[in-house]
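See below for the structure under consideration.
The values are calculated or read from the model by the stated rules, or taken from the named source; none is laboratory data. These numbers come from a predicted model, not from an experiment. Every residue, glycine as well, gets a Cβ built from its backbone with ideal geometry; the counts of neighbours run over all protein chains shown.
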Amino acid sequence: MHGSVTNGSQINGEPPPGIRVLVVEDNRVMADVMRFNFNRAGFSTTVALNGRIAWDLLQTEVFELLVTDLQMPEMDGDELCRRIRSDLRLAGLPIILLTAKGMELDRDRLTRELGLSLILYKPFSPRQLVSAAMECVARDIVTVDPALE
């Protein structure tokens, strides 16, 4: 069930058991590095090599966190995030966006429009990414559309 994250309590800096993260990255080496580091930190990790594959997975599987690259073939991170935010089942899913674009992006606008938890600029350290993911999960983020209240 998206939109609610496990209670977020952390013991010894590890994520709560069963926290599933979907990593969306078209660079296989980078995807493998992220999978390795997330798994080592105690997450259950699934990798999708583009946004279209990720979208299909989100229709059938449950994830508590999405980590996605911005620029990818078939469906980029921007379109994937917009689809997620327009789907009531997925609207509260915390999202970390990865990008090499740096200064080319309007960080505040993108964060607001896509409902991002965080933007990380490449290159970043795997430790930084895992730490950011743990913080997102611990915050127990739930985004609620005011029109639904």
| field | Selection count, the stretch 102-114, where residues are surrounded by 15 or more Cβ atoms within 10 Å (Cβ to Cβ) and over 21 Å from Ser131 (Cβ atoms) | value | 3
| helices (runs of 4 or more DSSP H) fully within the stretch 30-149 counting 3 or more residues that are small (Gly, Ala, Ser) and at pLDDT 95 or above | none
| task | Could you please find all residues in the stretch 74-101 being farther than 21 Å from Met30 by Cα, among the aliphatic types (A, V, I, L, M) and surrounded by fewer than 18 Cβ atoms within 10 Å (Cβ to Cβ)? | result | Leu88, Ala91
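State whether one or more residues within the stretch 12-25 are over 29 Å from Asp106 (Cβ atoms), at pLDDT 95 or above and either hydrophobic (A, V, I, L, M, F, W, C) or not in a helix (DSSP H, G or I) (or both). Spell out the reasoning first.
Here is the first cut: in the stretch 12-25, the residues over 29 Å from Asp106 (Cβ atoms) are 12-20.
Now restrict to residues that are at pLDDT 95 or above: 20.
If we keep only those that are either hydrophobic (A, V, I, L, M, F, W, C) or not in a helix (DSSP H, G or I) (or both) too, we end up with 20.
Yes, the conditions are met somewhere in the stretch 12-25.
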| Restricting the stretch 31-43 to residues that are without any contact (Cβ under 8 Å) to a residue 60 or more places away in the chain and surrounded by 15 or more Cβ atoms within 10 Å (Cβ to Cβ), the residue that is farthest from Ile119 (Cα to Cα) | Gly42
| task | Scan the stretch 54-73 residue by residue and report those that are buried (at least 19 other Cβ atoms within 10 Å of the Cβ) and of a type in the set (A, V, I, L, M, F, W, C). | result | Ala54, Trp55, Leu58, Phe63, Leu65, Leu66, Val67, Leu70, Met72
